[in-house]
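The values are calculated or read from the model by the stated rules, or taken from the named source; none is laboratory data. Because the structure is predicted, anything quoted here is derived from the model rather than measured. Heads up, the Cβs are rebuilt from the backbone with ideal geometry, glycines too, and the neighbour counts pull from every protein chain shown.
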Amino acid sequence: MRLGSKRTLALSVMLFVLCMLPVLVVANLPQAFVMMLFVGAAHSGITLVREIVLSDVIDEDELRTSRRREGSYFGVNAFIERLVMVLVGGSSSLVLGLSGYAADRAVQLPSVALGIRLGMGLLPVLALVVFLIALRYYPLGKEQVLALRETLNGRRRERIGQPSA
């Protein structure tokens, strides 16, 4: 609440990527468990805040159109999530192919482990850069969301005949 949903989402994504970077040097399973505890905590921030950001967008749309269209927004959101899964599969295939992975080998080349590490560590950095560029154009900062909610609440009170606060 103190930072606003836009800033909190940006910080959560940056924290997630930062927590993924140790994959470049993790040497054993206990280290991987510790790393993934931090990754999971950062991911929980993303999971919580992205729903709030989506609700802010829906509220802003209601203010502009005087209609609630949550279904449309959740449908587009679901489509984008599925598209991301396709991109993850494609990037995994690309990383494994470039690193020399062969499904028929019982023991993989050392370059495969390096490729997986680089893919898990550096692809999130690339995605972060794209995300931060896109987020610069997202107009609903904390102040805009507070004003938006106040305006919507006023309109709703007027509709049901309550005096404004």
Quiz item: Of (1) part of a helix (DSSP H, G or I); (2) of a type in the set (Asp, Glu); (3) out of contact with any Pro (no Cβ under 9 Å at 6 or more places or on another chain), Asp104 satisfies all except one. Which?
Solution: (1)
Practice problem: Can you tell me which residue within region 35-49, out of those that are surrounded by 12 or more Cβ atoms within 10 Å (Cβ to Cβ) and of a type in the set (Val, Ile, Thr), is farthest from the chain's Cα centre (by Cα)? | Solution: Val39
Quiz prompt | Search result, residues across region 81-133 that are of a type in the set (D, E, K, R) and surrounded by fewer than 13 Cβ atoms within 10 Å (Cβ to Cβ) | solution = Glu81, Arg82, Asp104, Arg105
Quiz item: Among the residues of region 45-63, which ones are more than 16 Å from Glu81 (Cβ to Cβ), of a type in the set (A, V, I, L, M, F, W, C) and free of Cβ contacts under 8 Å to residues at least 60 places away in the same chain?
Solution: Ile52, Ile58
Quiz item: For Ile160, are the conditions met, namely being surrounded by 16 or more Cβ atoms within 10 Å (Cβ to Cβ) and either free of Cβ contacts under 8 Å to residues at least 40 places away in the same chain or of a type in the set (S, T, N, Q) (or both)?
Solution: no
Quiz item: Do we find a residue being aromatic (Phe, Trp, Tyr) and either at pLDDT 95 or above or within 30 Å of Leu21 (Cβ to Cβ) (or both) anywhere in region 93-107?
Solution: yes
Exercise. Take the residues in region 52-87 that are in a helix (DSSP H, G or I) and of a type in the set (Gly, Ala, Ser), then tell me which one is farthest from Leu152 (Cα to Cα).
Key: Ala78
